[in-house]
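The values are calculated or read from the model by the stated rules, or taken from the named source; none is laboratory data. Just so we're clear, the structure is a prediction, and the values are computed from it rather than from any experiment. Cβ: placed from backbone, ideal geometry, glycine included. Neighbour counts: every protein chain shown. Note: accessible area is taken over every heavy atom of the protein model, side chains too, but ligands, DNA and RNA are not part of it. Shrake-Rupley method; radii C 1.70, N 1.55, O 1.52, S 1.80 Å.
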Amino acid sequence: MDKIMQDIRAILHTPEIHIDYILLVGGYASCKILQNEVKEQFGGQCRILCPVDAQLAVAKGAVLFGLNPKIVASRVSALTYGIAVAHPFDPAIHKVENQRENKAKDYVYCNDLFHKFVQNGQSVLCDKAEKYTFGTVDFDQIHMNFRFFSTEKPDAMYVDEPGMKQIGQFVVNMPDIREGGNRKVKLEVSFGLTEIKATATDMTSNEQESVRLDFMTV
């Protein structure tokens, strides 16, 4: 009981989330002791609701979602998601051990930086797509590797930090090198209810690669 109260309190204290109602569902929600404790501790902040047949509410919700996935408009991300990127090296900001140099030795960059897509606790609209553009490091580069990560931290800077977990990757081919270092790759990231879909397209050759990541467990 104490753990449940702690978890509810932590959610209510999350700045990004505004809650007016607490809905008690599942088999344990039928317990009068639990109902009374939730009403006593949080009744002054929220309206407490417990439907008839609370133990069946989750199953009914799953059926409704199966019939119409758009019944849910958004969800709150439990983790922070992003990819590994490289940026021009800045000695005032970046770690020296992450400093790299391209083949032509005319570009010094910081490797394995974390580029955030969505932050933990952030509300994400379903089917919302975000677009990003990335350039090449070397003039004769023939592929670009995308590595996706998740973490509980809201403000991670590097993908090798403790708690960072790689959840997927893919490589998009860039066979046409006639434009040298001016080539771009477009990355489109869509957030669904149960998954994240990422698609990268080489703007020169139209080579394309994609991956689907489980939004519910990773």
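The string of couplings for the range 136-143 from the Karplus curve (6.51, -1.76, 1.60, θ = phi - 60°) is 7, 8, 10, 5, 9, 5, 10, 7 Hz, one whole number per residue in order, with x for Gly and Pro.
Expressed as an acute angle from 0 to 90° and rounded to the nearest 10, what is the orientation of the C-alpha long axis of helix 2-12 relative to the principal long axis of the chain? The angle comes out at about 60 degrees. Using a 10 Å Cβ count of at most 13 others and DSSP loop calls, identify the longest part of the chain lacking such trypsin sites (Lys or Arg not before Pro). In short, 1-102.
Expressed as a rounded percentage, what relative contact order does the range 1-110 have, with Cα pairs under 8 Å and six or more residues apart? Display every interim value, and only then the final one.
Working: 85 pairs, mean separation 20.4, N = 110.
Once divided by the residue count of the range 1-110, the mean separation gives 19 percent.
The spacing between the range 86-130 and the range 157-181, judged by their C-alpha centroids, is 10 Å.
When the surface is traced with a 1.4 Å probe over the full set of protein chains, I177 keeps roughly 70 Å² accessible. The slack in the chain from Y132 to R100, taken as 0.36 nm per residue of separation less the alpha-carbon distance, amounts to 9.3 nm.
How large a share of the accessible area of the chain, in percent, is made up of carbon and sulfur atoms when the probe is 1.4 Å and the other protein chains stay in place? Working shown, then result.
Details: 6850 of 13110 Å².
Ligands and nucleic acids excluded, carbon and sulfur reach 52 percent.
Given a 1.4 Å probe and the protein chains as shown, I33 ends up with an accessible area of around 120 Å². Only DSSP H runs of four or more residues enter the estimate; each adds -39500 (n - 2.57), and after division by the residues of the chain the mean residue ellipticity at 222 nm equals -5000 deg cm²/dmol. In this structure the amide hydrogen of D127, modeled in the peptide plane, comes within under 5 Å of the amide hydrogens of F191, G192, L193, none closer than 5 places in sequence on its chain.
In order along the range 46-58, phi translates into HN-Hα couplings of 9, 8, 9, 10, 9, x, 5, 6, 4, 5, 9, 4, 5 Hz, rounded to whole numbers, per the Karplus curve 6.51 cos²θ - 1.76 cosθ + 1.60 with θ = phi - 60° and x for Gly and Pro. Heavy-atom accessible surface of F89, to the nearest 10 Å², is about 40 Å², with a 1.4 Å probe and all protein chains retained. Using a Gaussian network model of the chain in which every pair of alpha carbons under 10 angstrom is joined by a spring, one finds that among H115, H13, H143 the greatest mean-square fluctuation is at H13. Using the 1.4 Å probe convention, the accessible area of the chain works out to 60 Å² per residue with neighbouring protein chains retained.
Loop only per DSSP, at most 12 neighbouring Cβ atoms within 10 Å: give me the GluC sites (Glu not before Pro) in the range 4-75, ordered by residue number.
Qualifying residues, ordered by number: E16.
Mark the label point 7 Å from the Cα of H115 along Cα→Cβ and return the residues of the range 67-108 whose backbone N is within less than 20 Å of it. Correct set: 80-91, 93-95, 98-103, 107-108. Charges were assigned to the Cβ only: +1 to each Lys and Arg, -1 to each Asp and Glu. The resulting dipole of the chain about its Cα centre is roughly 520 debye.
Only one residue of V63, M157, M203 has its Cα farthest out toward the positive end of the dipole of the chain, where Lys and Arg carry +1 and Asp and Glu -1 on Cβ, and that residue is V63. Under 5 Å from the amide H of E209 lie the amide H atoms of A200, each residue being 5 or more positions distant or on a separate chain, with H modelled from the backbone and absent for Pro and chain starts.
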